[in-house]
Amino acid sequence: MALYLITGVAGFIGSSLARGLLQRGEQVRGVDNFSTGKRENLNQILGQIDFRETDILDLDAMKLACTGVDYVLHQAAIPSVPKSVLDPIGSNRANVDGSVNALVAARDAKVKRVVYAASSSAYGDTPTLPKHERMSPDPISPYAVAKLASEYYLTSFYRCYGIETVSLRYFNIFGPRQDPSSPYSGVLAKFITMMLRGEQPTIFGDGEQSRDFTYIDNAVQANLLACKAPAAQVAGKVFNVATGRRATLNETFKLLQPLTSYSGAPAYAEERGGDIKHSLADISQAEQHLGYKPTVNFEEGLRQTVEWYRSSRV
Ligand code: UD2
């Protein structure tokens, strides 16, 4: 049994990782400052994890949190492109300074490995599809820059201090517990909850933008594999975590209509600043070096997510 520290454990991805690890009999410690995380995400598992209300910007608290830890899964962030466009300083503080703190704490505690929630936004709007890890990044939004800077810090910490690090470039992760309530929420959480309530969702732009929407179980799998894969294959490296398929927002809306029993049309509004048009991953590196294989496809992920929101009445 290993001890895992999850930063951002009360978030959608962090709390899903905690559940996945507990199911596998692992020990979980988690930190969160509830800036975007939610206490209710920890409802059924709070008694089974060592939870600490800690800000990743508090280095002393992070050093304590890393004591005795085998693996750090660093998920804590302010995860939003539009929010970063409005507040680049806040984005940088949480998404870069916070990562450096987590890395210093992990290095000093001599943890075995740090796995990081990087972002597909690093690729930017370059026309080549699918995106593969050898492409030069071309971030657009402050959020994308911050996520890429943290990736570079992870690789730097491997090169300079020898601490094993792996960055997982998440491609639009979705699923149960993703917060639908903020204007900055992920599009699927927003659309599903609105359509279930009979409210009209708004597509920014013409709806022909596409994403490699990735169900949460696939991201959990990738994190667990990234902890255990041989260091020679993964340390200091970056891997796409996605499905290798993409859907436009217009297609996605049509898939959601029967699942949510929403029969109206979407509204259309101006394109969002900082957005990229198309996103699709080449996942061959993760398949080859992590042994990753997506187990839940987009349609099945949508079904499970709609069911969850329906039964939890968010
Ligand atoms: C980016 C990253 C993603 C993750 C995420 C964190 C890319 C390709 N993906 O997601 O991996 O890091 O940031 O936030 O960079 N939209 C609407 N109506 C709405 C809300 C959104 O049309 O009510 C559109 C939005 O303009 C965009 C698409 O839906 O074109 C997806 O937006 P999102 O905020 O769910 O995720 P995105 O792609 O910014």
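The values are calculated or read from the model by the stated rules, or taken from the named source; none is laboratory data. Note that the coordinates shown come from a computational prediction; the quantities given were computed from them, not determined experimentally. No Cβ is skipped: glycine too gets one built from the backbone with ideal geometry, and neighbour counts run over all protein chains shown. Surface accessibility is based on the protein's heavy atoms, side chains included, excluding ligands, DNA and RNA. Shrake-Rupley method; radii C 1.70, N 1.55, O 1.52, S 1.80 Å.
Determine whether Arg310 is more than 30 Å from Asp87 (Cα to Cα) and either out of contact with any His (no Cβ under 6 Å at 6 or more places or on another chain) or open to solvent by 50 Å² or more (accessible area, probe 1.4 Å) (or both). In short, yes. Among the residues of the range 115-165, the one identified as acidic (Asp, Glu) and over 24 Å from Gly186 (Cβ atoms) is Glu164. Scanning the range 24-43 for residues that are part of a strand (DSSP E or B) and more than 16 Å from Gln178 (Cα to Cα), we see that the one that is most open to solvent (accessible area, probe 1.4 Å) is Gln27. I need the helices (runs of 4 or more DSSP H) fully contained in the range 44-99, keeping only those with at least 2 residues that are over 25 Å from Ser181 (Cα atoms). Once the helices (runs of 4 or more DSSP H) in the range 44-99 are filtered for at least 2 residues that are over 25 Å from Ser181 (Cα atoms), what remains is 59-66. Within the option set Lys228, Lys190, Lys237, being of a type in the set (Lys, Arg), free of Cβ contacts under 8 Å to residues at least 40 places away in the same chain, at negative phi and away from the ligand (no atom under 16 Å from the Cβ) holds for one residue only, Lys228. If the condition is being part of a loop (DSSP other than H, G, I, E, B) and of a type in the set (Asp, Glu), then the range 264-303 contributes Glu270, Glu271, Asp275, Asp282. Of the numbered criteria (1) within 18 Å of Gly175 (Cβ to Cβ); (2) within 14 Å of the ligand (Cβ to nearest atom), the one Leu255 fails is (2). Looking at Ala102, Ala106, just one residue is among the hydrophobic types (A, V, I, L, M, F, W, C), touching a Cys at 6+ places or on another chain (Cβ under 7 Å) and buried (at least 18 other Cβ atoms within 10 Å of the Cβ), and that residue is Ala106. Scanning the range 118-175 for residues that are closer than 23 Å to Ile78 by Cβ, open to solvent by 40 Å² or more (accessible area, probe 1.4 Å) and not in a loop (DSSP other than H, G, I, E, B) yields Pro142, Val145, Tyr152, Tyr153, Ser156. Filter the range 193-220 for residues that are open to solvent by 40 Å² or more (accessible area, probe 1.4 Å) and either within 13 Å of the ligand (Cβ to nearest atom) or among the polar types (S, T, N, Q) (or both) and give the result. Passing the criteria: Met194, Glu199, Gln200, Thr202, Phe204, Asp206, Glu208. Does Ile6 satisfy being within 22 Å of Ser312 (Cβ to Cβ), assigned to a helix (DSSP H, G or I) and modelled with pLDDT of 95 or more? No: the conditions fail for Ile6.
Among the residues of the range 248-263, is there at least one that is in a loop (DSSP other than H, G, I, E, B), over 23 Å from the mean Cα position of the chain (by Cα) and surrounded by fewer than 21 Cβ atoms within 10 Å (Cβ to Cβ)? There is at least one residue in the range 248-263 that is in a loop (DSSP other than H, G, I, E, B), over 23 Å from the mean Cα position of the chain (by Cα) and surrounded by fewer than 21 Cβ atoms within 10 Å (Cβ to Cβ). Criterion applied to Tyr161, Tyr152, Tyr116 was being out of contact with any Leu (no Cβ under 7 Å at 6 or more places or on another chain) and touching a residue at least 40 places away in the same chain (Cβ under 8 Å), and the one residue passing it is Tyr161.
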